[in-house]
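The values are calculated or read from the model by the stated rules, or taken from the named source; none is laboratory data. Nothing here was measured: the structure is a model prediction, and the numbers come from that model. Neighbour counts are summed over all protein chains in view; Cβ atoms, including those assigned to glycine, are modelled from backbone coordinates with ideal geometry. The protein model used for the area step is the full one, side chains on, heavy atoms only, and it has no ligands, DNA or RNA in it. Shrake-Rupley method; radii C 1.70, N 1.55, O 1.52, S 1.80 Å.
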Amino acid sequence: MARYILRRCLTMIWTLAVVSALVFLIVNLPPGDILSNRINELMASGESSSVARAKFLAAQYALDEPIWKQYLIWLGAWPGPLGFEGLLQGNLGWSFELDRPVSDIVTEAMWMTVVLNFTTILFVYVVALPLGALAAVRANSLVDYLATFIGYIGLATPNFLLAIILYSKGAEWFGLPVGGMVSREYANAPMSLDKLLDIAAHLVVPVIVIGTSGMAAMVRRLRANLLDELGKPYVTTAAAKGLSPTRAVVKYPLRMALNPFVSDLGNMLPQLVSGSVLVSVVMGLQTIGPILLQSLKSQDYFLSGFILLFVSALTLVGMLISDILLALLDPRIRFEGRGR
């Protein structure tokens, strides 16, 4: 297992290097950029000091160099005007729109994104696993019909519409906070129990809104997979040998039916970041999604390039975690890996 993880980590490094080149090329494909556009606007208005500042930034970040050299300098594999100062050295670049270092911008939103994504994944699995298993074990019962109804509602309701409904009724019926992920009085306060409880209250609606569609899809898939496993001969044999009904379901059929759940983890992490942009805008969440949307619109390519690279890294990490969990869950995968 250790050798397999090491091999996968080395593959991830090369994959991330290729992805970084593609990301940098794609964000630079549209003609012009925010800094060039701003220089032209400032020259037209005659603000010489601001033009000098913009030109200084353009020279500092080698924007007048060929695209391949710009990429290597951004990566930190080629000396720029300040020497080796790129991603490999921890310099994420400068946001020309917000006039701040990219590291400062993403650090503020990073922990909010991580907390929201982790809580959403926990919600999806905690709700989908028992509901899907019960729907399969008690097929064509009230529980099955209820799970089917929840699944259809979750898949058919647009997330932004669900956000508006839950915010309105959540505040009216349960007094849940509306908008953002922390109250103003705790925004700049150090972490404490009161601030933690305030963040938890703010997370209720966003987690339900973002996780409902994924949870509903997983319930339907688990029900179908488990029903297929329960119809196989080995389950009948286990019951005939006197194995308890609960153990007969949990020991083997449920484990086999969980394989798609675990493999989905690799896609779920980046989808929660990029797929919840509209929801984050509607709900006023201070996550990376709205920042990515704005940076792409304004062609702020240092900021957008790093966020896209971060989402790609999440995909690779999620796939690694899912492969490790699959090997622990399914002995057939472990045996195949040893054979190689």
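Points worth noting:
- Filtered residues of the stretch 142-189 (kept if open to solvent by 100 Å² or more (accessible area, probe 1.4 Å), over 26 Å from the mean Cα position of the chain (by Cα), at pLDDT 75 or above and of a type outside the set (A, V, I, L, M, F, W, C)): 145, 185
- Taking first residues from the stretch 159-174 that are within 16 Å of residue 202 (Cβ to Cβ) and partners that are open to solvent by 80 Å² or more (accessible area, probe 1.4 Å) and at pLDDT below 75, the Cβ contacts under 6 Å between residues at least 6 apart in sequence or on separate chains come to 167/178; 171/178.
- Residue that is nearest to residue 312 (Cα to Cα), among those in the stretch 265-284 that are modelled with pLDDT of 70 or more and open to solvent by 30 Å² or more (accessible area, probe 1.4 Å): 281
Condition check ((1) assigned to a helix (DSSP H, G or I); (2) modelled with pLDDT of 75 or more; (3) over 30 Å from residue 101 (Cβ atoms)) across all residues:
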{"residue": "229", "(1), (2), (3)": "yes, yes, yes"}
{"residue": "246", "(1), (2), (3)": "yes, yes, yes"}
{"residue": "261", "(1), (2), (3)": "yes, no, yes"}
{"residue": "296", "(1), (2), (3)": "yes, yes, no"}
{"residue": "307", "(1), (2), (3)": "yes, yes, no"}
{"residue": "317", "(1), (2), (3)": "yes, yes, no"}
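- Some residue of the stretch 28-36 being in contact with a helix residue (DSSP H, G or I) (Cβ under 7 Å, 6 or more places away or on another chain) and modelled with pLDDT of 75 or more: yes
- Hits in the stretch 82-98 (condition: without any contact (Cβ under 8 Å) to a residue 60 or more places away in the chain and either of a type in the set (Gly, Ala, Ser) or assigned to a loop (DSSP other than H, G, I, E, B) (or both)): 82, 83, 84, 85, 86, 90, 91
- Residue satisfying condition, being within 21 Å of residue 208 (Cβ to Cβ), without any contact (Cβ under 8 Å) to a residue 60 or more places away in the chain and open to solvent by less than 80 Å² (accessible area, probe 1.4 Å), within set 130, 101, 79: 130
- When residue 64 is tested against (1) at pLDDT below 70; (2) in a loop (DSSP other than H, G, I, E, B); (3) open to solvent by 60 Å² or more (accessible area, probe 1.4 Å), just one condition goes unmet, and that condition is (1).
- Among the criteria (1) assigned to a helix (DSSP H, G or I); (2) modelled with pLDDT of 75 or more; (3) of a type in the set (A, V, I, L, M); (4) open to solvent by 60 Å² or more (accessible area, probe 1.4 Å), the one residue 43 does not fulfil is (2).
- Of the residues making up the stretch 201-224, at least one is at pLDDT 80 or above, more than 23 Å from the chain's Cα centre (by Cα) and closer than 30 Å to residue 141 by Cα.
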